[in-house]
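The structure under discussion appears below in the form of structure tokens.
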Amino acid sequence: MQKDLFLYALRALMQRSLRSYLTILGVVIGICSVFILISIGQGISASVNKELDAFGSHTIIITPGKLSAMGTGAPQSGRFFIQDMKWIERAGGIDILTPYLYGRIAMDYKGEQLSATVIGIEPQNFQKAVSTIEIADGRFLKEGDRQVLVIGDKIAKNYFKKDLAVNSVVTIGGKSYRVIGIMKATGGTLDDTDTTIYAPIDDVREVLGNQLAKDEIHGIYIIANSEYNAEEVAQEIKSTLRARRGLLEGNEDFSVITSAFISEQLGIITGLLTAFLGGIAAISLVVGGVTIANTMFMAVLERYSEIGILKAVGARKPDILKIFLFESGIIGIVGGAIGIVVGLVLIEILSFFGVPVSPSAELAGFCLLFSFLIGIVAGYFPAKNAAEMVPIEALRTE
């Protein structure tokens, strides 16, 4: 019986093929939009999490200034000095601890100038702490190096008319510096390694000059011992610094950044982004649902006589209701299936152009089920109207 009602509904749709196709198109656009935009949101989240994994679960970064809510905005007041780092060394569970400096510098190469970020480091400990740095050409910094640089891929290839190469000489603050290494391109969204310059910390201290106080540093990289929980080590560091600086909990003028902290903040942002993109796409899906409802109402109006005949030959209210629900459900699920297929094709195109997208079987299943439910919900009231028609009145309408 159910099969017969389904086939009857399918034939009715095929008889109104143009209207059915146009209605299905509305669902296709809605589902395709939802599928693509949520996939982009998931792709951004996956990309960020991948880079977060590279950060390392045992990495801790200490910076002066307290980050505002969700890690946004400029840090509040606070400065770090070598003596602070010596206090931090007293905390347990630390394997590697190394300071860094950073700033913007003007670099001159063959008459062209570039403003770039430079990070001053202690090469040996820094390379142990930040193991993700890879060299494409030349070598990384070594202890004892002076007036040498390691530069990011974009600085080497994109910012000057003539590419920088290993052994190229540039001028910074009136002094000559030799490029000894070029880093491998990362193309990352979290780090800016491709546009960064690494130099010995003493050289950067000289370049920044009066911007720094005596023995001032801009932050500390720490690697916690693998036998310790990084979050517990971070909490002990916080307690040590509060005691050193005479601060109460909650009034810190410094930030302790761990992978869990970054993950929490980015999770909030990417979650909001995915919800926002999904909400935009849902608008077009609602329009598709309204189109289905309109089509079904028109179908009921045009088929009064047919409904009257069906009732006259014994069709019950549930049968009429099911026929029209089958029709709207078919429109919804067919539109959803086509929308997913079109979405997958467009996702491949977006991937080719480097857009982070991450479709999933769960998302496809949700979209398919949602499109079917949209069809059922949109078709319910037209179907209910059809089922409640009085046979004599339906026949008279013709």
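The numbers here are math on the coordinates, done by the rules we state, and not lab data. Given the structure is predicted, the values throughout are model-derived calculations rather than measurements. Ideal geometry is used to build each Cβ from the backbone, glycine not excepted, and the neighbour counts take in all protein chains shown.
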Note to self: Can you compute the FRET efficiency between Asn158 and Val355 using 1/(1 + (r/R0)^6), with r the Cβ-Cβ distance and R0 = 25 Å? Round to the nearest 0.05.
What the structure shows: 0.75
Checklist line | Answer label, with Cα Rg over 2.2 N^0.38 Å calculated from the coordinates and candidates [x] 1.02; [y] 0.93; [z] 1.50 | finding: [z]
Notebook entry, point to check: When Leu141, Leu18, Leu247, Leu266 are ordered from fewest to most other Cβ atoms inside 10 Å of their Cβ, what list results?
Noted result: Leu18, Leu247, Leu266, Leu141
Item checked: Computed FRET value (nearest 0.05) for Asn229 with Glu143, which takes r as the C-beta separation and R₀ as 30 Å -> 0.45
Notebook entry, point to check: Seen from all sides and averaged, what is the projected area of the convex hull of the Cα atoms in the stretch 98-223, in nm²?
Noted result: 7.4
Item checked: Ranked by how many other beta carbons lie within 10 Å on average, peptides 318-326, 212-220 from highest -> 318-326, 212-220
Notebook entry, point to check: Span-like helices, the chain: DSSP H, alpha-carbon axial extent 15 Å or more, mean Kyte-Doolittle 0.0 or greater, which ones?
Noted result: 2-15, 17-55, 259-302, 317-352, 361-387
Item checked: Mean Cα-pair separation over length for the stretch 98-223, i.e. relative contact order, pairs under 8 Å, 6 or more apart, % -> 36
Note to self: Could you tell me the calculated FRET efficiency between Asn294 and Leu344, based on Cβ-Cβ distance and R0 = 22 angstrom, to the nearest 0.05?
What the structure shows: 0.15
Check: Could you name the lysines in cross-link range of Lys66, using Cα to Cα under 19 Å and dropping any fewer than eight places away on the same chain?
Finding: Lys238
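For every helix of n ≥ 4 consecutive DSSP H residues, a contribution of -39,500 (n - 2.57) applies; sum these over the chain, divide by its total residues, and give [θ] at 222 nm rounded to the nearest 500 deg cm²/dmol.
Numbers: 12 runs with 219 residues, N = 398.
After summing the helix terms and dividing by the residues of the chain, the value is -18500 deg cm²/dmol.
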